[in-house]
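Beneath this line is the structure, given in structure tokens, with notes to follow.
The values are calculated or read from the model by the stated rules, or taken from the named source; none is laboratory data. These figures come from a predicted structure and were not determined experimentally. Glycine gets a Cβ as well: all are built from the backbone with ideal geometry, and neighbour counts include every protein chain shown.
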Amino acid sequence: MGRELVSDPHLVAKIWAADRLAGDIDPLLTSARTNFALGDYETAAFAAMKAVEVEVRRVSGLPNESLGVALMRKAFSPKDGVLRDPKAEGGEQQATADLFAGAMGAYKNPASHRPVQFNDAVEAAEIIQLADLLLRIVHRAEARTKD
């Protein structure tokens, strides 16, 4: 371990980041976890947010033409979004729409449109954890729509 640490000064952070993903996460994030383990943090972050995008589209029933930020705004719209929580206060509904749209805009869109230098293992792990939380919210919305 000592030699590895000398050759890679970021090794401790990488180990700490990997530990963050050691527990259960949504099975839809398998690709993200695999890419993370391979050290491909850009692809891991992109795959995590893509999984959220695909699941939001599936659960909301919106067409394939709905993408990224626009998809999130439509699916969670406080006015008529299929995935909004009608029991939540209007500001909370807007905040949820903003959370999803912001996650897409910040972590999926850049890698969708241009090469991105992404070598921070901790940040990549946190993005995967964020995707896991977002998927949990989507699955709660799916359960609400079935009731």
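If we scan region 128-139, do we find a residue that is more than 12 Å from the chain's Cα centre (by Cα) and part of a helix (DSSP H, G or I)?
Within region 128-139, one or more residues are more than 12 Å from the chain's Cα centre (by Cα) and part of a helix (DSSP H, G or I).
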Would you confirm, using the coordinates I've provided, whether Phe76 is within 17 Å of Val138 (Cα to Cα), aromatic (Phe, Trp, Tyr) and in contact with a helix residue (DSSP H, G or I) (Cβ under 8 Å, 6 or more places away or on another chain)? yes
Go through (1) of a type outside the set (S, T, N, Q); (2) surrounded by 17 or more Cβ atoms within 10 Å (Cβ to Cβ); (3) modelled with pLDDT under 95; (4) more than 20 Å from Arg140 (Cα to Cα) for Ala22 and report which single condition fails. (2)
Cβ pairs under 7 Å, 6+ apart or interchain, first in region 35-57 and under 18 Å from His139 (Cβ atoms), second among the basic types (Lys, Arg), ordered by first then second residue, are Met49/Lys108; Lys50/Lys108; Glu53/Lys108
Quick check on region 80-97. Is at least one of its residues in contact with a Leu (Cβ under 6 Å, 6 or more places away or on another chain) and in a loop (DSSP other than H, G, I, E, B)? no
